[in-house]
Amino acid sequence: MDCLQSTLRKRIAVIVPKYGLVGGAEGFVAELTSRLVRTTPYDIEVFANKWLKDEKIHYHKIPFLSFPRFLITISFAYIAERKIKRLSSQAPFELVHAHDRVFHADLFTMHSVPHRFWVKEVRKKRRMSLFDIATAWVERKLVKSGTCRFAAVSELTKEKFLQEYPNVPSDAISVIHPGIDPQAYAGLDRAAARSEIRNLHGIGENDFVLLFVSMNFDIKGLDFVFNGLSKIHSLMPERQWTLLIAGKDNLVKYDRLAQSLGIRDRIIFAGIINRDTLKQYYLSSDAFIMPSRFDTFGLTVLEAMAAGLPAIVSRNVGARDVIEQGVNGFIVKNPALPSEIADAILSVMDDDARTRMGEAARKTAEHYTWDSTAQKTAQLYEAIIAAHETPEK
């Protein structure tokens, strides 16, 4: 970054509807932007509807029409573009970085897959609503503008994007993974966390604890986990294990499913856990599982690995990029097959294998920091800005 800091500060516009208020894309943007503004020669201005304030960043309020619903994406994109154009007339922005669908940007970070793919292939909706049609239309306008570079949060995201937009050159898409704070678990006592959380939920000290974290049980594949554990229970009824579920969704549905599979007494629904307490849950567990039907990345995978947990994911999870099969976790090819889920879980139930894989997982996670994410993004910024400054032949 030293060479960057020696240059004049550059004005960057960052567009996102919500900045830093919740997890997912909003949290990604806040973590990334906060580091960029502190470690690079950029003056960053955020264009958002709501935000969690950072004193180093200037914010612009972008209203939007919430009714009728199909105007949400269109109105936000339109108003944000008008405001940026007006402010650019006073002093130009070197680069516009969008983290949501807008009409024009120099860089678009894809936190999700193309909207049409999401609706048809992930949500399995037969017909697109007006909201879906409008959102996909704005997305196409951005992609087909021909002036935008793209950053994908995983190779899976890039793959699905190119399937939807095959005319976009592959080298116009950079993969920049999200990061974690490598010091998140510094000063925390694993033994104390293990004792506290297990005592809270009545879990035996020697029980194998598999952790699942989600606010959307369907998409994250909780039914796949149940089916795999049911198979293990039928093969090894004497084996002591507990599935610890942090988060909340349709509890009645999944309670009934667990009952029907004969494993309800092995399942604990812990409810919504705040982020600080969630660290204790990671430390109290033995392995992590997220066999999602689709997930562009899945930051909880990296968080679990940083806590020293081997991670089990499906091939439809973008975080498969950080999993080395049998070394720090497992990638399940077909999570709908209970035997595949069961085999992966049984592998991490082995004490020696789990210890070895957990240490490998922790070392892997150390390479995926927010500082690294910010550095790669700054390098992409510089490449885009340099391309703007190079006259066309």
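The values are calculated or read from the model by the stated rules, or taken from the named source; none is laboratory data. Bear in mind that the values here come from a model prediction, so they are computed numbers and not experimental data. Backbone-built Cβ (ideal geometry, glycine too); neighbour counts: all protein chains shown. With ligands, DNA and RNA removed, areas are computed over all heavy atoms of the protein, side chains included. Shrake-Rupley method; radii C 1.70, N 1.55, O 1.52, S 1.80 Å.
Amide H neighbours of VAL209 under 5 Å, at least 5 residues apart or on other chains, H built in the peptide plane: list them.
For VAL209, whose amide H was placed from the backbone, the distant partners under 5 Å are THR242, ASP286, ALA287.
What figure in square angstrom, to the nearest 10, would you give for the accessible area of HIS115 with a 1.4 Å probe?
Here the residue's solvent-accessible area equals roughly 20 Å².
So, R0 is 30 Å and r is the distance between the beta-carbons of ARG11 and ASP371; what FRET efficiency does that work out to, to 0.05?
That gives a FRET efficiency of 0.85.
I need the per residue convex hull volume for the stretch 36-119, using only the alpha carbons, in cubic angstrom as a whole number.
Spelled out: Cα convex hull of the stretch 36-119, divided by residues, is 118 Å³.
Taking the Cα-to-Cβ direction at ALA191 and at ASP352 and moving 7 Å from each Cα, how far apart do the two end points lie in nm?
Result for the modelled spin labels: 2.4 nm.
Fully extended, how many nm does the chain gain between ASP171 and SER145 (0.36 nm per residue separation, minus their Cα-Cα distance)?
7.7 nm
Treating only the Cα positions of the stretch 77-155 as identical point scatterers, give the base-10 log of I(q)/I(0) from the Debye formula at each q in 0.14, 0.19, 0.23 Å⁻¹.
These q points yield log10 I(q)/I(0) values of -0.52, -0.86, -1.11.
Peptides 235-244, 146-155: what's the order by average Cβ count within 10 Å, highest mean first?
Numbers: 235-244: 14.7, 146-155: 18.8.
The most tightly packed comes first, giving 146-155, 235-244.
To the nearest 0.05, what FRET efficiency results for SER260 and LYS333 with a Förster distance of 22 Å applied to their C-beta separation?
Once the sixth-power term is evaluated, E becomes 0.30.
Filter the cross-link list LYS160/LYS248; LYS10/LYS53; LYS83/LYS144; LYS50/LYS376; LYS61/LYS83; LYS141/LYS376 down to pairs whose alpha-carbon distance in this structure exceeds 19 Å.
Listed pairs above 19 Å: LYS160/LYS248; LYS10/LYS53; LYS83/LYS144; LYS50/LYS376; LYS141/LYS376.
Which whole-percent values make up P(r) of the stretch 250-310 when all C-alpha to C-alpha distances are grouped in 5 Å steps starting at zero?
Over the stretch 250-310, the share of Cα pairs per 5 Å bin runs 4, 14, 19, 21, 23, 15, 4 percent.
What ranking of PHE208, PHE67 comes out by heavy-atom accessible area, probe 1.4 Å, highest first?
I get PHE67, PHE208, largest accessible area first.
Give the Rg/Rh ratio for the stretch 172-321, taking Rg as the radius of gyration of the Cα atoms and Rh as the Kirkwood radius, to two decimals. Please list the in-between numbers first.
Values: Rg = 15.4 Å, Rh = 16.0 Å.
Result for the stretch 172-321 is an Rg/Rh of 0.97.
Pick out, from ASN250, ILE268, ILE203, the residue whose Cα sits farthest towards the positive end of the charge dipole of the chain, with +1 on the Cβ of Lys and Arg and -1 on the Cβ of Asp and Glu.
Ranked along the dipole, the leading option is ASN250.
Listed highest first by mean packing, meaning other Cβ atoms within 10 Å per residue, what order do 91-101, 286-296 come in?
Values: 91-101: 20.5, 286-296: 25.1.
The peptides rank, most packed first, as 286-296, 91-101.
Which listed residue (LEU346, THR40, ALA184) has the Cα farthest towards the positive end of the charge dipole for the chain, taking +1 on Lys and Arg C-beta and -1 on Asp and Glu C-beta about the Cα centre?
THR40
Taking the Cα centre of the chain as origin, work out the dipole magnitude from +1 charges on Lys and Arg Cβ and -1 charges on Asp and Glu Cβ, in debye rounded to 20.
Computed charge dipole of the chain: roughly 1680 debye.
Using only the Cα atoms, what convex hull volume per residue in Å³ does the chain have?
155 Å³
For ASN250, list long-range residues whose amide hydrogen, built 1.01 Å from N in the peptide plane, is under 5 Å from its own amide hydrogen.
Residues meeting the amide H criterion: PHE217.
In bins 5 Å wide, starting from 0, what share of all Cα pairs of the stretch 150-234 does each bin hold, as a percent?
For the stretch 150-234, the binned pair fractions read 3, 10, 11, 10, 15, 15, 12, 10, 7, 5, 2, 0 percent.
Can you give the extra length, in nm with one decimal, that the chain gains between ARG123 and LEU251 once fully stretched, where that is 0.36 nm per residue apart less the Cα-Cα distance?
44.1 nm
For the stretch 367-376, what does the Karplus curve 6.51 cos²θ - 1.76 cosθ + 1.60, with θ = phi - 60°, yield as ³J(HN,Hα) per residue in whole Hz, taken in order and with x for Gly and Pro?
With coefficients 6.51, -1.76 and 1.60, one gets 7, 10, 9, 5, 5, 5, 4, 5, 5, 5 Hz.
Explain nothing, just the number: dipole magnitude of the stretch 202-319 about its Cα centre with +1 on each Lys and Arg Cβ and -1 on each Asp and Glu Cβ, in debye rounded to the nearest 20.
For the stretch 202-319, the charge dipole is close to 280 debye.
Ranked highest first by average number of other Cβ atoms within 10 Å, how do 268-281, 309-322 line up?
Top to bottom by mean Cβ count within 10 Å: 309-322, 268-281.
Go through VAL143, LEU71, LEU95 and say which Cα lies farthest out towards the positive end of the charge dipole of the stretch 1-152; charges sit on Cβ, +1 for Lys and Arg, -1 for Asp and Glu.
LEU71
Pairwise over distinct Cα atoms, reciprocal of the mean inverse distance: report the Kirkwood radius of the stretch 53-99 in Å, one decimal place.
12.2 Å
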